[in-house]
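All remarks here apply to the structure that follows.
The values are calculated or read from the model by the stated rules, or taken from the named source; none is laboratory data. Predicted model, so just to flag it, every value in this text is computed and none were measured. In this analysis, Cβ positions are derived from the backbone assuming ideal geometry, glycine residues included, and neighbour counts consider all displayed protein chains.
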Amino acid sequence: MAIHLTATIYEATLVELLGQLFPLTVKIDEKRARFLQVEKPAHVGFVKGEGLRIHTSAEVQWSVAGLPLRFVLRRLSAMIRPVIVEDALGGKLVFKVELEDVDLKGVPAAIDHSLVATVNGRLAAMGDKLGWDFGKTLRRTIPLPPSMDPVEAFQLRAQEGEVVVESDHLRFSFYAPSRFRRVDPKTKVAKDARDAKSPIKDARSQTKPPAATAPATKNKPKVKPES
């Protein structure tokens, strides 16, 4: 049995979520103390078939010859692309981030040519770490009470994810195969037998001790009557 589940995220919800996420510091190179502090987006919009484009600004700390430099990027646009990455557990919803357009006015000449490429390289190196591992999260086996014999558990999985970006919303869906797991009577008997050998046993499964028996008596020899 497969259940098809769909979640729709509209622009207002996404704006609220991003408002909680930003401002955000993105570490580019910790050894060289290079980072971007990205401010709250001034504009958020869906791009059909692509992803989510944000317009914001950022403060940058860079280093040249070991000397730290700070400057401001007054205009920065980035594209956030949602993609499905398949794996053995069912899949992940991953968000790929890429800088598209950056206002480099006021940025030192020794930095401006490499800044965007360096940042995008660092973002790409994050791989599938930025996202939701929905296959693992929704992989569940829920035990049921013993009174529901012979059904012992409900199993749920999540797979075949799909994400679609429209002009005003994002839609994420996946299939959730599910079933009630039943126990075969023969298997159950075998399981009970193994459980009985465990040092921890349910009191109800313990057997009564054998009843005491009278000690055996020796047979006396028969005496022949005198003639």
Discussion item. Exactly one condition in (1) at pLDDT 95 or above; (2) surrounded by 14 or more Cβ atoms within 10 Å (Cβ to Cβ); (3) among the charged types (D, E, K, R) is false for Asp128; which is it?
Written reply: (1)
Worksheet item: Which one of the conditions (1) outside any loop (DSSP other than H, G, I, E, B); (2) at pLDDT below 95 does Val107 fail to meet, given that it meets all the rest?
Response: (1)
Worksheet, complete the sentence: Taking the range 74-104 and keeping residues among the small types (Gly, Ala, Ser) and in a loop (DSSP other than H, G, I, E, B) leaves Ala88, Gly90, Gly91
Discussion item. Going by what's in this entry, would Phe71 be described as in contact with a helix residue (DSSP H, G or I) (Cβ under 7 Å, 6 or more places away or on another chain), surrounded by 15 or more Cβ atoms within 10 Å (Cβ to Cβ), in a strand (DSSP E or B) and not acidic (Asp, Glu)?
Written reply: no
Fill in: Long-range neighbours under 9 Å by Cβ, at least six apart or interchain, first residue more than 17 Å from Leu14 (Cβ to Cβ) within the range 36-60, second small (Gly, Ala, Ser) and surrounded by fewer than 16 Cβ atoms within 10 Å (Cβ to Cβ)
Ser57/Ala42
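Here is a check on your reading of the model: is Gly127 on the phi > 0 side of the Ramachandran plot and in contact (Cβ under 8 Å) with a residue 40 or more places away in the chain?
Taking the combined requirement at face value, the residue does not satisfy it.
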Worksheet entry | Verdict on Gly161 being outside any loop (DSSP other than H, G, I, E, B) and either in contact with a Gly (Cβ under 9 Å, 6 or more places away or on another chain) or among the polar types (S, T, N, Q) (or both) | yes
Practice prompt. Please go through the range 1-34 and pick out each residue that is more than 21 Å from Ser167 (Cβ to Cβ) and assigned to a strand (DSSP E or B).
Written response: Ala2, Ile3, His4, Leu5, Leu24, Thr25, Val26, Lys27, Ile28, Asp29, Arg34
Item to complete: Find the residue count for the range 110-145, including only residues that are within 17 Å of the chain's Cα centre (by Cα), part of a loop (DSSP other than H, G, I, E, B), within 30 Å of Arg182 (Cβ to Cβ) and not charged (D, E, K, R).
Response: 1
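For the condition exposed (fewer than 12 other Cβ atoms within 10 Å of the Cβ) and either at pLDDT 95 or above or among the hydrophobic types (A, V, I, L, M, F, W, C) (or both), what is the one hit in Ala65, Ala58, Ala33?
Ala65
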Discussion item. What pairs come out if I take residues in the range 136-147 that are of a type in the set (A, V, I, L, M, F, W, C) and pair them with residues that are surrounded by 12 or more Cβ atoms within 10 Å (Cβ to Cβ) and in a strand (DSSP E or B) whose C-beta lies under 7 Å away, six or more apart or interchain?
Written reply: Leu138/Leu156; Leu138/Ala176; Ile142/Ala153; Ile142/Phe154; Leu144/Val151; Leu144/Glu152; Leu144/Ala153; Leu144/Phe154
